[in-house]
């Protein structure tokens, strides 16, 4: 994974705590804010709103779609740690100010909290999602 070990560990602890108590303790929430900065609270909001959908094709290819607070749908790839939102391009890639954007953090948190919506699509549909993103970029 492309996350620092401390971030990986924190997400593991959040998952474990949530599995045991159905809650995320305050100390872990503080850790989240400390490690992920301003992305933490908006990401938690996205998780609360169940904005994260895990899209899976029959061959097992997976991507995530996150409905952003603006109402726009962003495509995230947790495997390569990438999001199609402008903040990711600017804060993460260009300036290296953040580890990730709120959408990718929401994906990781949704995985940890079991809060992903599931969507099964055909290979063709998955390809169309990927191609639609290309068109948006260009």
Open item on the list: When the residues of the range 73-91 are narrowed to those that are closer than 11 Å to residue 52 by Cα and under 11 Å from the mean Cα position of the chain (by Cα), which ends up surrounded by the fewest Cβ atoms within 10 Å (Cβ to Cβ)?
Closed with: 75
Open item on the list: Here is a check on your reading of the model: is residue 24 crowded, with 17+ Cβ neighbours inside 10 Å, in contact (Cβ under 8 Å) with a residue 24 or more places away in the chain and within 30 Å of residue 128 (Cα to Cα)?
Closed with: no
Open item on the list: Looking at the structure I just gave you, is residue 89 at pLDDT 90 or above and either part of a loop (DSSP other than H, G, I, E, B) or farther than 24 Å from residue 13 by Cα (or both)?
Closed with: no
- [ ] Of the numbered conditions (1) buried (at least 19 other Cβ atoms within 10 Å of the Cβ); (2) part of a helix (DSSP H, G or I); (3) modelled with pLDDT of 90 or more, residue 63 fails exactly one; give the number of that condition.
- [x] (2)
TODO: Those residues that are more than 21 Å from residue 35 (Cα to Cα), assigned to a strand (DSSP E or B) and touching a helix residue (DSSP H, G or I) at 6+ places or on another chain (Cβ under 8 Å), I need them from the range 67-86; list them, please.
DONE: 67, 74, 75
TODO: With the checklist (1) within 19 Å of residue 4 (Cβ to Cβ); (2) surrounded by fewer than 19 Cβ atoms within 10 Å (Cβ to Cβ); (3) under 15 Å from the mean Cα position of the chain (by Cα) in hand, flag the one item residue 34 doesn't pass.
DONE: (3)
TODO: Only residues that are part of a helix (DSSP H, G or I), over 11 Å from the mean Cα position of the chain (by Cα) and either touching a residue at least 40 places away in the same chain (Cβ under 8 Å) or within 25 Å of residue 28 (Cβ to Cβ) (or both): list them for the range 92-118, please.
DONE: 92, 113
Open item on the list: Just to be sure before I move on: is residue 54 touching a strand residue (DSSP E or B) at 6+ places or on another chain (Cβ under 7 Å), surrounded by 12 or more Cβ atoms within 10 Å (Cβ to Cβ), assigned to a loop (DSSP other than H, G, I, E, B) and modelled with pLDDT of 90 or more in the structure I sent?
Closed with: no
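The values are calculated or read from the model by the stated rules, or taken from the named source; none is laboratory data. As the structure is a prediction and not an experimental result, all values here were calculated from the model. Cβ sites come from the backbone with ideal geometry, for glycine too, and all protein chains shown count toward neighbours.
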